[in-house]
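Colleague: Got a structure for you, written out below as structure tokens; questions coming shortly.
The values are calculated or read from the model by the stated rules, or taken from the named source; none is laboratory data. Everything numeric in this text was worked out from a predicted model, so none of it was measured. Positions of Cβ are backbone-derived with ideal geometry, glycine not excepted, and every protein chain shown enters the neighbour counts. Quick note on the areas: whole protein, heavy atoms, side chains included, nothing else; ligands and nucleic acids left out. Shrake-Rupley method; radii C 1.70, N 1.55, O 1.52, S 1.80 Å.
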Amino acid sequence: FWFYCLKPTEYAIDTSGPSADLLKMMGRHPNRPAHIHMMVTHDDYIGVTAQLYPNDDPWLETDTVCAVKDDLLLDFKPAAKDDPLKAKLDVEYDVRLLSKKYKPDSSMLMANAAGDRKEAPLATANL
């Protein structure tokens, strides 16, 4: 699976109401890092909704809503010179969905709790 979009840019959330007062009390700025909203669904798998962030954004470390996680970072690279859409940048991100049929047993859960993580069966799609 693939899609075409513009590389996002950062923005500031609305500071005209109570959110401005809250941010001021917390000593936080109103800036969000650039991000792409993603929602992936399939009837047989548990869906995923997330925001994906360019790894070169200056607001990653101080996102005002604290939503940035390392596994949501994107590494944009120059696109191929012969790109049919004349794209300037390219990025890949693997989305892994967990089957709705998967039922963890207690031994797997206990192993995870002990730090011996075991992977569940997943499906993968390239974005």
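Colleague: Out of contact with any Leu (no Cβ under 7 Å at 6 or more places or on another chain), among the acidic types (Asp, Glu) and open to solvent by 40 Å² or more (accessible area, probe 1.4 Å), is that true of Asp63? Spell out the reasoning first.
Modeller: Working: out of contact with any Leu (no Cβ under 7 Å at 6 or more places or on another chain): yes; among the acidic types (Asp, Glu): yes; open to solvent by 40 Å² or more (accessible area, probe 1.4 Å): no.
Criteria not met by Asp63.
Colleague: Now for a different question. Given the structure, is Leu60 in a loop (DSSP other than H, G, I, E, B), of a type outside the set (Ser, Thr, Tyr) and at pLDDT 95 or above?
Modeller: On the way: in a loop (DSSP other than H, G, I, E, B): yes; of a type outside the set (Ser, Thr, Tyr): yes; at pLDDT 95 or above: yes.
Against the criterion (in a loop (DSSP other than H, G, I, E, B), of a type outside the set (Ser, Thr, Tyr) and at pLDDT 95 or above), Leu60 qualifies.
Colleague: Could you look through region 38-60, keep only residues that are within 24 Å of Tyr102 (Cα to Cα) and either small (Gly, Ala, Ser) or touching a helix residue (DSSP H, G or I) at 6+ places or on another chain (Cβ under 7 Å) (or both), and pick out the one that is most open to solvent (accessible area, probe 1.4 Å)? Steps first, answer last, please.
Modeller: Kept after step one, since they are within 24 Å of Tyr102 (Cα to Cα), are these residues of region 38-60: 38-50.
Cutting the leftovers down to either small (Gly, Ala, Ser) or touching a helix residue (DSSP H, G or I) at 6+ places or on another chain (Cβ under 7 Å) (or both) gives us 47, 50.
Values: Gly47: 44, Ala50: 20 Å².
Restricting to residues being within 24 Å of Tyr102 (Cα to Cα) and either small (Gly, Ala, Ser) or touching a helix residue (DSSP H, G or I) at 6+ places or on another chain (Cβ under 7 Å) (or both), the top hit is Gly47.
Colleague: Output the qualifying pairs, or none if there are none: Cβ atoms under 7 angstrom, residues six or more apart or on different chains, first residue in region 21-34 and open to solvent by less than 50 Å² (accessible area, probe 1.4 Å), second residue charged (D, E, K, R).
Modeller: Listed pairs, sorted by first residue: Asn31/Glu10; Arg32/Glu10; Arg32/Asp63; Pro33/Glu10; Pro33/Asp57; Pro33/Asp63; Ala34/Glu10; Ala34/Asp57.
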